[in-house]
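A short worksheet on the structure shown next.
The values are calculated or read from the model by the stated rules, or taken from the named source; none is laboratory data. All figures in this text were calculated on a predicted structure; none of them were measured in a lab. Every residue, glycine among them, receives a Cβ derived from its backbone with ideal geometry; neighbour counts consider all protein chains shown.
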Amino acid sequence: MQVIFGVIFHFIGGFASGSFYIPYKKVKGWAWESYWIVGGIFSWLIVPPVAAALTIPDFWNIIKATDSNILWITYLFGLLWGIGGLTYGLGVRYLGVSLGSSVILGLCSVFGSLIPSIYYDIFPQEGKDSLTVLLSTSWGQMVILGIIICILGIIVCGKAGTMKEKELRQGSTGEVSTEFKIGLGLFVSIVSGVLSACFNFGLEAGKPMAEVANELWKTAHPGQGEFLFQNNVTYVVILWGGLTTNLIWCMILNARNKTFGDYTNKNTPILRNVIFSALAGTTWFLQFFFYGMGESRLGNGPSSWILHMAFIILIANVWGLVLKEWKAVSRKTYLTVLGGILLIVLSVFVVGYGNSLK
């Protein structure tokens, strides 16, 4: 039953992550950097402490009592993840919801599983699996196989993106898109996929805070299992890092593009834009709110992370179909991107299966 609830929570989190960009499409008259940072203020600054206060009344005292080195490392991973989150928005902007999310999240699942094992080869720790262990065990070899399948899927998706760009240029589809840019989109998507995995590392670094929250809850609620919301205190610190990166970059873009006026431009629906940006930001945070609930049931190992990624890829691509991002392309191009997406999803489950064998 615990596993079933864990899967359900991860599905809800995946739905939130795969859907969060949709409200941004309702923003009118604002530059990307303007609505992105307004949504981000809700994602990274407002909603996380509200969620923590509602579920962990002593969350601020837990943070203050935490060793400064733990706080710094957790914040640093959040800072790096923030670059990944920033480029996620750019990847979706230039590749579309389905292709952008598939490439980014496929890479994120790969590096989220692989980087820690490489680290533990260099700095061995008891109970942690190194790359050597992966290569020398049957379950580890299954994980490696899944990673190879994921890379193939990303290559196929990239090929589909190239085919789409060519068709748009030739005007054979009748679709007009000034945003779709395969080269730039793939570059920022690769950066995003690598750095987005740092969120999972941040959860590991900030685990002592979650453990304190868990113990306090279990003391007050004996015999009721693990605390569903223990990670909410860790999110506060990680997302400070994400806010720092995104705020600096968006302010630079506002200055460069002279778009500071967006926030007060009465020729645009300011209130509507703020509401939809806030909705997008809040929806974004819900992915990790429910991820934390799922992780409390399944553990914060590769299986939780990869299951989360799989559901996001599936939901993002459903939205890609709903928004008709691939409707106007040729059948060959459509089948190519569909094949790449299926490979990525398959890879996620292969890696998950490998970890289950462990």
List the residue pairs whose Cβ atoms are under 6 Å apart, where the first residue sits in the stretch 55-67 and is over 18 Å from residue 219 (Cα atoms), the second is not hydroxyl-bearing (Ser, Thr, Tyr), and the two are 6 or more positions apart or on different chains. 66/209
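Could you please find all residues in the stretch 113-132 being under 15 Å from residue 147 (Cα atoms) and at pLDDT 70 or above?
114, 115, 117, 118, 131
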Pick from the stretch 43-77, criterion closer than 25 Å to residue 276 by Cβ and touching a Leu at 6+ places or on another chain (Cβ under 8 Å), ranking: surrounded by the fewest Cβ atoms within 10 Å (Cβ to Cβ): 45
Quickly run through the stretch 212-226 and pick out the residues that are more than 23 Å from residue 78 (Cα to Cα) and either not hydrophobic (A, V, I, L, M, F, W, C) or not in a helix (DSSP H, G or I) (or both). 215, 218, 219, 221, 222, 223, 224, 225, 226
Checked pairs for the stretch 75-98, first on the phi > 0 side of the Ramachandran plot, second part of a helix (DSSP H, G or I), C-beta under 8 Å and 6 or more apart or across chains, list as 96/320
Looking at the stretch 235-283, which of the residues that are among the polar types (S, T, N, Q) and surrounded by fewer than 18 Cβ atoms within 10 Å (Cβ to Cβ) is nearest to the chain's Cα centre (by Cα)? 244
